[in-house]
Structure formats: C-alpha cells, structure tokens
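The values are calculated or read from the model by the stated rules, or taken from the named source; none is laboratory data. This one's a predicted model, so the numbers in the text were calculated from it and none came from an experiment. In this analysis, Cβ positions are derived from the backbone assuming ideal geometry, glycine residues included, and neighbour counts consider all displayed protein chains.
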Amino acid sequence: MRILIVEDSRINQFIARDTLIKYNIPCDIEFAMDGEAALEHIYTHTIDLVLLDIIMPKMTGLQVLEQLHQIKFVDPPKVIMLTTISDAKILKACFDLGAVDYIKRPFEEMDFVSRVNSTIRDIENENAMRQAKIMLESQNAKLLEVNETLKETQYHLVQKEKLVAIGELAAGIAHEINNPLAFVISNFTNIKQYVDRFKTFIDASMDLTNQHDDLSKFKEAMLIKWRELDMAFVFEDFPELIVDSQKGLDRVAKIVSSMRNFARLSDENYFEYVDINELLDEVLIVVNNEVKYIATVQKEFNPCPPVYCNKGQIEQVFVNLIINAAHAIKSNDEAHLSNIFDPFFTTKPVGQGTGLGLSISHNIVVDKHHGRISVDSKVGLGTCFTIEIPYRYEEINLEENT
Ligand SMILES: Nc1ncnc2c1ncn2[C@@H]1O[C@H](COP(=O)(O)OP(=O)(O)OP(=O)(O)O)[C@@H](O)[C@H]1O
Ligand SMILES: [Mg+2]
C-alpha cells in the first residue's frame, strides 16, 4: 500500500506519518509539498491512497482533484481530504470529484487512524475483487476454449461413429445390391436369347415370303416356324423380363441412393424440412440386410408434417435404434436402462460394440434438436424408444431464446 501525503506543512506531514507508523498501518509513505508536486508524483508512481490537504500554495486540493478527475486511470488512487475548514460546500465539491472521505485537523489520532484503515480495507477489497474478476475471466476464457474443443471432439465422434456404422453396413449393402443385380444379369441373358429368336423369326419370314406365292401355304409355314421357336412364350415373357429388370435396377438405384445419403458426412449445422416417413423408408433400405434374417419390420407410418432437422443426424439415430433392436432380438439382451445412454456403455462382447450408438443418438436428439429421447423396456416383451423433436423451426428458436 503506497500512501502519498500532500501537505504544505512539514510538521503536519510528520504528524500524519508518525501516526501511521505508531498504529502499524502497513504502508510506504511518500510526501508532496504542494498540488503540482502531488500530481507529478501521482502520474509517475502507483499510489493507492492520497491524503490531500485542501488549502495549499500554487494549487488547492480541489484543483488537484479536478485534474485527477480528467484523467482516466485504470486503477485511480483513493483520496481522503485533510481539512481545517468546515466549509461544507468545498467538501461537497471534493466528494463530487471522487474524494472518499475527509479528516479534520488538528488530527484526532483515533479518527485519523480509523478513517485511513477503513479506506485501506476498501482498497484491499477492491483489489481482491479485481483479482478475482481477472481470474474468473481467465477461467471463463479457458472454459470457452475447452467447450470449443469438446464440441469439435464430439462432432468428430459423431462422424466417426457414422463411419463405423457405414463400415459395418457395407457388406450387407453389397449383398442387398447383389441380389437384384444377379437377376437383372440373368434376365438379360434371356432377353438376348429372345432378341436372337425374333431375328431368326423375322429372317425366316423373309425367306418364306420368297418361297411361297400362295398365301395359305405361306401362313402354314409361318405357323410352323412360330411354334418351332415358341414365339408365343417369347412374346409373353419378354415384356415381363423388361418390367422385372426395370424393378431390379430401380431397387439397386434406391439402395445406392439411400446409402449415399446416409454416408454423406452432414454439415452439423445444416437443418432442413424433412419428410420423416421418407427418411425412415431410406433407413430401412440401408439396414435391411442387418434385420431381415432376424425380424420382420412392421411399418405403421402416420401422416407427418415436415420436420425441421439435420437429416443425416436423424437418419443416424434411426439406424442406431433399428440395429440395436436387431442385435437385442438376436442375443436376448436384458435391458440395462439406467446406463444405455452413457458413452461407451455396451453389453456386447469386446470388439463388437463401441457403446456410442445411443449416447450419440441422445446427443443428436436432445442437444442438437432440442428434443427428447426416452425408453421403456420389459424383459421378454420388448423395448420401445420414443423420440420427440419440435417440428417447427420457430419452436427451436423460441427455446434458444428462453
Ligand atoms: N433395443 C434394445 N433392447 C435391449 N437393450 C438395448 C437395446 N438397445 C440398446 N440396448 C443396450 O444398450 C447398450 C448400448 O447401446 P449402444 O447403441 O449405445 O451401444 P452398442 O450397440 O453396444 O454399440 P455400438 O452401437 O457402438 O455398436 C447395448 O449394448 C445394449 O445392452
Ligand atoms: Mg448400438
């Protein structure tokens, strides 16, 4: 604590100093004989407390205060006025300019000491508060940084979990594509044979036209050829093969497009209006191979207004839930409801589950979409997951503002 005594009388300076020393007030004491010297000292040193005489040569204490008032100190010194006059007007002006207290002269020791002490306590409190504020600000900045890092880590975790899921689904998807592709290929072998037969039949009809002038003989020969090449069957089967192949190719296209949609690493901030029923259909295509040998999927879709969401993330949630259900049916899992949303909680053998599926789904529904996810499960009966998300953009905004 540095105290500057601004006082034109040496004797008064020493009285003030000796009193401070006598009462063990912990401080460095410095002096200035007049206002100008005081200002000079304050500008060039860090002073905590100024004991400022009002009546001095060159500059009055009030003028010194006026000067100090003009300057924007980061940490301005506290000023206690020393006064013999009891002019309330001057004192009021001093308080208006920032003085915190006054001490009457001649000093009464106890009055002097208690006022100085009380101001020192204020200064110390303010210093402590300032320190605490600096510390809080720095901790806050660190927390913000940690929060940013966490968010980023979480984002990568979500993407990584998705990549793992894609890896696991890939073999099944290939299988799914292989089936329709195999019958399209086989259909094409038949189609090619039929085209050959058409050609043979047309060539034969040309030859027969040249050979027979008699129309009834020509018709008879054509009929023999028609039966020989089984053209009735070809005409019947050919369009069916085309329709079948078309369906197979459509199915392949659908699987590829569903997989491509699911695999797209979504920008986590991109929200759009999504038809949830369509999304569920796509998800069912992606997971079909994981489910079809274990369970029959029963769809009971209701009309649903477009939901404002991040499509890729909501798909990820449904994929997780459906695959979990398939695994639970296959392995007769007992539900451990209290832990299932915890990260890394898994009942699967080591190396088979990361235990992140539900924790990430929870994060996507609750944190990213301001929704809810809950579970109800009865051993031996089944498990029901409920997901609720606000379907209107306005609702998300409203919640964010409250
Ligand atoms: N439908 C369900 N029925 C019963 N238990 C379930 C069901 N879904 C999840 N669980 C339980 O919750 C656990 C955690 O699921 P979560 O999806 O988070 O991880 P995981 O499926 O074990 O691994 P990962 O999804 O990373 O491959 C599962 O191991 C299982 O014990
Ligand atoms: Mg899972």
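Quick look at the values:
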read-out	value
Selection from the range 65-87 of residues that are outside any helix (DSSP H, G or I) and not aliphatic (A, V, I, L, M)	72, 73, 75, 76, 77, 78, 83, 84, 86, 87
Test set (1) surrounded by 10 or more Cβ atoms within 10 Å (Cβ to Cβ); (2) over 25 Å from residue 23 (Cβ atoms); (3) at pLDDT below 90 - residue 105 fails condition number	(2)
So residue 389, is it within 16 Å of ligand 2 (Cβ to nearest atom) and not polar (S, T, N, Q)	no
Test result for residue 37, of a type in the set (A, V, I, L, M, F, W, C) and closer than 19 Å to residue 84 by Cα	no
Residue within the range 383-391 that is part of a helix (DSSP H, G or I), within 10 Å of ligand 1 (Cβ to nearest atom) and in contact (Cβ under 8 Å) with a residue 60 or more places away in the chain present	no
Residue in the range 356-364 that is within 13 Å of ligand 2 (Cβ to nearest atom), of a type in the set (S, T, N, Q) and assigned to a loop (DSSP other than H, G, I, E, B) present	no
Pairs with Cβ under 6 Å, 6+ apart, first in the range 347-363 and of a type outside the set (Asp, Glu) and within 6 Å of ligand 1 (Cβ to nearest atom), second modelled with pLDDT under 90 and not in a loop (DSSP other than H, G, I, E, B)	356/161
Pairs, first within 15 Å of residue 281 (Cβ to Cβ) in the range 247-263, second loosely packed, with under 14 Cβ neighbours inside 10 Å and aliphatic (A, V, I, L, M), C-beta under 9 Å, six or more apart	259/170
Residue list for the range 147-166, filter: within 12 Å of ligand 1 (Cβ to nearest atom) and either under 10 Å from the mean Cα position of the chain (by Cα) or among the basic types (Lys, Arg) (or both)	160, 162
Selection within the range 92-123 - in a helix (DSSP H, G or I) and touching a residue at least 24 places away in the same chain (Cβ under 8 Å)	93, 94, 109, 112, 113, 115, 116, 117, 119, 120, 122, 123
Qualifying residue in the range 297-308 (condition: surrounded by 13 or more Cβ atoms within 10 Å (Cβ to Cβ) and farther than 30 Å from residue 273 by Cβ)	no
Test: residue in the range 162-169 that is assigned by TED's automatic domain parsing to the domain that holds residue 255, touching a residue at least 24 places away in the same chain (Cβ under 8 Å) and closer than 26 Å to residue 242 by Cβ	no
Residue in the range 303-310 that is closer than 27 Å to residue 173 by Cα, out of contact with any Leu (no Cβ under 6 Å at 6 or more places or on another chain) and within 16 Å of ligand 2 (Cβ to nearest atom) present	no
Checking residue 273 against (1) of a type outside the set (Gly, Ala, Ser); (2) surrounded by 13 or more Cβ atoms within 10 Å (Cβ to Cβ); (3) out of contact with any helix residue (DSSP H, G or I) (no Cβ under 9 Å at 6 or more places or on another chain), the condition it does not meet	(3)
Residues within the range 309-347 that are exposed (fewer than 13 other Cβ atoms within 10 Å of the Cβ) and farther than 23 Å from residue 378 by Cα, tallied	0
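Table: residues versus (1) in the same structural domain as residue 364 (by TED's automatic domain parsing); (2) surrounded by 14 or more Cβ atoms within 10 Å (Cβ to Cβ); (3) among the aliphatic types (A, V, I, L, M).
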residue	(1), (2), (3)
130	no, no, no
135	no, no, yes
138	no, no, no
145	no, no, no
159	no, yes, no
176	no, yes, no
185	no, no, yes
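One line per residue, one yes/no per condition, for (1) more than 21 Å from residue 166 (Cα to Cα); (2) touching a Lys or Arg at 6+ places or on another chain (Cβ under 9 Å); (3) small (Gly, Ala, Ser):
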{"residue": "268", "(1), (2), (3)": "no, yes, no"}
{"residue": "278", "(1), (2), (3)": "no, no, no"}
{"residue": "284", "(1), (2), (3)": "no, yes, no"}
{"residue": "298", "(1), (2), (3)": "yes, no, no"}
{"residue": "331", "(1), (2), (3)": "yes, yes, yes"}
{"residue": "340", "(1), (2), (3)": "yes, no, no"}
